[in-house]
Amino acid sequence: MTPLADGISVFVQMACPTCETIGPVVDEIARRLEADGVPVRYVSQDGPYRDGAVEVVEDRDLRLSFLAEIEAVPTLVVVENGAESARVVGWERTAWEAAVGLDGLGDGIVGHRPGCGSLSVDPTRVAGLEARFGNRITSRRIEIGAAEDPVEAAFERGWTDGLPVVVPTAERVAAMLAGTTRAADEVVAVVPPDLVECSVEKVAVNAVMAGCRPEYLPVVLTALEAVCTEEFNMHGLLATTMPNGPVFVVNGPLAERIGMNSGAGVLGPGNRANSTIGRAVQLVIRNVGGGRPGEIDMSTHGSPAKYGLCFAEAEATSPWEPLSVDRGFESGVSTVTAFGGEAPRVIADQLSRDAESLTRSLAACIKAAVHPKVGLVLDALLVVSPEHAARFAAAGWSRQRLTHELTTLLVMDGDDMIRGAGGIAEGMADTFAGQPVPKLRPGGLLITHAGGTAGLFSALIPSWGSGPGGTQFVTKEIRP
């Protein structure tokens, strides 16, 4: 539905030379259509425009220009019976004549001339206009007192993860929503533990609070979809007393396009996208789903990973095909892989110079995950650094070969795993005595490649529990 009244509206700016040129033409149209009772008006974006017989509607707040989706001035719009019947952008004699039904317009001036950009599409104004006049933002507005600090108010109301948040003004949320093609009211997921339907807009609010840029929003939306699946079991991950949270690996061209880090310091601070995407998901779980520490989130110790852990795979330097391809997607497709992991633990091997030795070294460290006498119920994400990956590249090992070799080495003697063995009460049931016991669940090892080029280290991120009843790996394609 058009916001304009019936008649002819010509959107103009005082500063636009083409708008000045067509002034006499508009006067002529008004004069020739006066007898027919057709209203003619200017809609001026920046002032009273020009003196004359034509009505001037000032649009300094740009409401009409925004709602009418004006992209350039002058723009001529014809409205009949409440519906737009013609629109011409810029000055073009034949098009204007056809739109208003008059011949011989603008004799003596050039027949065609482009205009200027509309103030309503100025990048510095769009978010504010969307917030004021758009219909995408429907969230409840909370008034903050004049003497109240908005950042402190967020702390007091329990909206933060313990770190300051960016104040989610309507303008910032509107700008965030511009980062996706999805409708603001589209339901992204039903968020545990309270099982609340969460819209794109609600995710955008929390993405603003987390410090995301608009171009990160598609990754945040996809990551949230992944953790709100039955396979991932976000409710279980919250309820466990172990210190685990969602871990996200991003693959594909989008990771590079938004500037994600896959190199030095990849699992730590310093990169905005890495630091805020996972945090945004956690804030949604907290603020929409109700998953707050000490309530549903019953982790005994928690961990820094619960603030948000997200990184990109270093595809360009990897000796292997992307993790997303290993997970069944075509090369070049941007994806998010979600995993319920604890904080990364370092694996240092400075001396292995061949694939076989390094594999045994990695396996020995993986065996100690959670507890050396716990097996079968775990998954793990292994982040292999470039210097370690070079050993496997030199040997011609694929990711599948490395996975197979590690899986073989991660089968342990049940006699060493049972309760009481080695003088340690912890362990597996006596029924596992005399049997081989895999450390990880079948198919429970994912290997990715990331990290700085200096340092003979890899990183291990163990799970809290896997398979049905625990958390499983979930990979989803990122929608724009």
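The criterion of being of a type outside the set (S, T, N, Q) and under 30 Å from Asp430 (Cα atoms) holds for Val377. Glu405 meets the conditions (1) more than 24 Å from Ser318 (Cα to Cα); (2) touching a helix residue (DSSP H, G or I) at 6+ places or on another chain (Cβ under 6 Å) in every case but one. The failed one is (1). Checked against (1) open to solvent by 50 Å² or more (accessible area, probe 1.4 Å); (2) more than 22 Å from Glu20 (Cβ to Cβ); (3) in contact with a helix residue (DSSP H, G or I) (Cβ under 7 Å, 6 or more places away or on another chain); (4) assigned to a loop (DSSP other than H, G, I, E, B), Arg50 passes all but a single condition, namely (2). Of everything in segment 250-261 that's open to solvent by 30 Å² or more (accessible area, probe 1.4 Å) and of a type outside the set (D, E, K, R), which residue is nearest to Lys306 (Cα to Cα)? This residue is Asn261. When we screen Ala450, Ala380 for residues that are in contact with a Pro (Cβ under 6 Å, 6 or more places away or on another chain), closer than 27 Å to Asn274 by Cα and surrounded by 17 or more Cβ atoms within 10 Å (Cβ to Cβ), the only hit is Ala380. Residues in segment 268-297 that are in contact with a strand residue (DSSP E or B) (Cβ under 6 Å, 6 or more places away or on another chain) and on the phi > 0 side of the Ramachandran plot: none. If you go through segment 56-69 and pick out every residue that is part of a helix (DSSP H, G or I) and open to solvent by less than 20 Å² (accessible area, probe 1.4 Å), you end up with 1. Identification of strands (runs of 3 or more DSSP E) wholly contained in segment 369-480 with 1 or more residues that are within 21 Å of Val249 (Cα to Cα) and modelled with pLDDT of 95 or more yields 378-384, 440-449, 457-462, 474-477. Considering each residue of segment 124-156, count those that are open to solvent by 80 Å² or more (accessible area, probe 1.4 Å), among the acidic types (Asp, Glu) and part of a helix (DSSP H, G or I), and give that number. The number of residues fulfilling the criteria is 2.
Just so you know, in segment 205-220 the residues that are among the β-branched types (Val, Ile, Thr) and within 8 Å of the chain's Cα centre (by Cα) include one that is nearest to Asn287 (Cα to Cα), and it is Val220. Beta carbons closer than 8 Å, at least 6 apart along the sequence or on distinct chains, never pair a first residue in segment 450-461 that is without any contact (Cβ under 8 Å) to a residue 12 or more places away in the chain and among the hydroxyl-bearing types (Ser, Thr, Tyr) with a second that is surrounded by fewer than 19 Cβ atoms within 10 Å (Cβ to Cβ) and assigned to a loop (DSSP other than H, G, I, E, B). Selection of segment 1-15 for residues being within 40 Å of the chain's Cα centre (by Cα), of a type in the set (A, V, I, L, M, F, W, C) and open to solvent by less than 20 Å² (accessible area, probe 1.4 Å) yields Leu4, Val10, Phe11, Val12.
Conditions tested, residue by residue: (1) open to solvent by less than 50 Å² (accessible area, probe 1.4 Å); (2) farther than 12 Å from Val284 by Cβ.
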| position | (1), (2) |
| --- | --- |
| Val121 | no, yes |
| Thr160 | yes, yes |
| Pro164 | no, yes |
| Asp185 | no, yes |
| Cys198 | yes, no |
| Thr222 | yes, yes |
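Of all residues in segment 355-372 being open to solvent by less than 10 Å² (accessible area, probe 1.4 Å) and touching a residue at least 40 places away in the same chain (Cβ under 8 Å), which is farthest from the chain's Cα centre (by Cα)? Top of the filtered list is Ala355.
Listed by first and then second residue, the pairs linking a residue in segment 15-29 that is closer than 20 Å to Asp46 by Cβ to a residue that is at pLDDT 95 or above and among the aromatic types (Phe, Trp, Tyr), with Cβ atoms under 6 Å apart and 6 or more places separating them unless they lie on different chains, are Thr18/Trp91; Ile22/Trp91. Among residues belonging to segment 97-119 that are under 19 Å from Ser44 (Cα atoms) and open to solvent by less than 80 Å² (accessible area, probe 1.4 Å), point out the one that is farthest from the chain's Cα centre (by Cα). Going through the qualifying residues, I end up with Gly115.
Taking the listed residues Val203, Val167, Val173, Val191, the one that is closer than 22 Å to Ser275 by Cα and in contact with a Gly (Cβ under 7 Å, 6 or more places away or on another chain) is Val191, with no other qualifying. For first residues located in segment 238-266 and within 29 Å of Pro192 (Cα to Cα) and among the small types (Gly, Ala, Ser), partners that are open to solvent by less than 40 Å² (accessible area, probe 1.4 Å) and part of a strand (DSSP E or B) and lie 6+ apart or on another chain with Cβ distances below 6 Å form the pairs Gly252/Thr335; Ala255/Ala312.
Do we have Pro438 as open to solvent by 40 Å² or more (accessible area, probe 1.4 Å), on the phi < 0 side of the Ramachandran plot and more than 28 Å from the chain's Cα centre (by Cα) here? Answer is yes for this residue. Among the residues of segment 70-82, the one identified as open to solvent by 30 Å² or more (accessible area, probe 1.4 Å) and either assigned to a strand (DSSP E or B) or free of Cβ contacts under 8 Å to residues at least 24 places away in the same chain (or both) is Glu80.
For Arg141, are the conditions met, namely being in contact (Cβ under 8 Å) with a residue 12 or more places away in the chain and under 26 Å from Ala223 (Cα atoms)? For Arg141, the condition - in contact (Cβ under 8 Å) with a residue 12 or more places away in the chain and under 26 Å from Ala223 (Cα atoms) - is not met. Would you please name the residue that is farthest from Leu446 (Cα to Cα), looking only at residues in segment 314-354 that are of a type in the set (S, T, N, Q) and open to solvent by less than 50 Å² (accessible area, probe 1.4 Å)? So, considering only residues that are of a type in the set (S, T, N, Q) and open to solvent by less than 50 Å² (accessible area, probe 1.4 Å), the one farthest from Leu446 (Cα to Cα) is Ser352.
The values are calculated or read from the model by the stated rules, or taken from the named source; none is laboratory data. Keep in mind that what you see is a predicted model, and the values were worked out from it rather than measured. With ideal geometry, Cβ positions are generated from the backbone for all residues, glycine too; neighbour counts draw on all protein chains shown. Heads up: the accessible areas ignore ligands, DNA and RNA and are worked out on the full protein's heavy atoms, side chains in. Shrake-Rupley method; radii C 1.70, N 1.55, O 1.52, S 1.80 Å.
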